[in-house]
Structures are given as structure tokens and as C-alpha cells.
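Below is one structure, written out as C-alpha cells; comments come after it.
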Amino acid sequence: MTSLDALGWGVLGLVGGALMGQLSLFLERPLQEDDPPPRLGPGPLELLVLPVLGFVGFAAFALRQGMGPGLLVHSIWILVLLQILGFDFKHRLVLDVITLPTIGLALVLANLSPDLSVVRALFGILLGGVLLLPFAVVSELFHSGQGFGWGDVKLGMMIGAITGMSLNYSELYALWALIAGIMIGGVVTILLLVTRRVNFRDALPYGPFLVAGAGLILYFM
């Protein structure tokens, strides 16, 4: 694929990122009934950040993978991950209405995705749940579930579904994705603590870090 073709695919990602922003705005409407109501309405996240990330993600994956079914499937996952990233960053929520259908779709599309199969996707789902469950339990005990929540566990299962898990050492994609997300989250948390932007009692949204880890591993699959 030429650079011009990749830029064209990036434009589709720009549009897709904008649509994910609009989807997030639609999905946040029920939150206006909360007391107190959270931040609602369009902002730079939906109008700028998600479209730009969509453009960059689509163009980068196109240059690496070239046109084919694998690029199409991975582009779908990019859009899903962008919606989760934006919504969790803004509202500290990972919605079941996004993660659970994506798990089902990942199983349907498994044989079209690079280095993935239905069996590997199922192993990935199992790994995601088992690996992240302890984090949710600890968060529930010490932060009332405000940091690492059950939505993040389902996100981990979704990441396992779209990356897959094999017994082959070179294809432990789900494991590497989750470890990468945890490590990214740990580094960012330490930096925030050192710079005193947060303290030990603050609960940070962990979804964006897991999304970053998943995107990184998908890119190299």
C-alpha cells in the first residue's frame, strides 16, 4: 500500500473517530440523571481527539498491514477502542453495551483477523477475565470500585477476544496486550504521583491504558 492509499484510509479513520465521538455523546445521555450530573455534551475529546486518533491509527495500520480482510477487522477494533478510551477518560465508565457485543463480533470475525482463530479468541477471553479479576477485587476493597472496575475486567476479556491467546510463546498476544496496558498505566500513575498531580487516594480510569496496550499489540500482529 502506498503512502497516498494509507492517507486515504486515514481519512476513513478520521470520519470513524468522529462517529465514535457522536456515539459516545449518545450513550452519555442517560448519565444526565445522575446526582450530581457528570460532564456532558461535546468537547475537544469528541470533536478533535478521537477523529485525530482515528486518522493516525487507520493510516499507521494501513502502512503496516496493507489492504485486506485483516486491515478491515483491525480498523473495526480501532474504532471500538477509541470509543472506550474517550468514554472512560471522560466518565470513568466502560460500557457493557460496547464490550459485550464486541466480544461476540470478535468470535464471528476471528478467522478473518491476523493470527487469530475462534479457539485463540476464546482462550484470550478466559485470560482477560482471570488476569484482571484480582485488580477489580482490590479496587472494590480500597476505592469502592472507582479505579479498576468490573467494566475493566470485561474490557480485558474483549481485548483477549480481539487479540487472541495461543500456547505458542511467540503468539501470546492477549497476555502481552494486557501486560502492556498494565505497565503503561503503572508508569503514568507513578509520573502523576511524582509530579503530585494525583495522590494515593485518587482512583484513575484504567480503560485508556488497557486500550493503549491493545492497540500496540494489534499493530504488531
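The values are calculated or read from the model by the stated rules, or taken from the named source; none is laboratory data. Computed from a predicted structure; not experimentally measured. We place every Cβ from the backbone using ideal geometry, glycine too, and count neighbours over all the protein chains shown. Ligands, DNA and RNA are stripped out before the accessible areas are found, and what is left, the full protein with its side chains, is counted by its heavy atoms. Shrake-Rupley method; radii C 1.70, N 1.55, O 1.52, S 1.80 Å.
Observations on the model:
- For region 114-135, the set of residues classified as within 17 Å of the chain's Cα centre (by Cα) and among the small types (Gly, Ala, Ser) consists of Ala121, Gly124, Gly128, Gly129, listed by residue number.
- Selection over region 94-135 of residues that are under 12 Å from Leu155 (Cα atoms) and open to solvent by less than 70 Å² (accessible area, probe 1.4 Å) gives a count of 14.
- The residue list Leu19, Leu14, Leu53, Leu85 contains one member that is open to solvent by 80 Å² or more (accessible area, probe 1.4 Å) and either part of a helix (DSSP H, G or I) or not hydrophobic (A, V, I, L, M, F, W, C) (or both), which is Leu19.
- Exclusive hit being assigned to a loop (DSSP other than H, G, I, E, B) and either within 24 Å of Ile76 (Cα to Cα) or of a type in the set (Lys, Arg) (or both), set Met158, Met165: Met165
- Flag: Leu40 does not match the condition of being within 18 Å of the chain's Cα centre (by Cα) and among the aliphatic types (A, V, I, L, M).
- Qualifying residue in region 141-154 (condition: over 16 Å from Val211 (Cβ atoms), at pLDDT below 95, open to solvent by less than 10 Å² (accessible area, probe 1.4 Å) and of a type outside the set (Val, Ile, Thr)): no
- Residue within region 28-43 that is of a type outside the set (A, V, I, L, M, F, W, C), buried (at least 16 other Cβ atoms within 10 Å of the Cβ), touching a residue at least 24 places away in the same chain (Cβ under 8 Å) and in a helix (DSSP H, G or I) present: no
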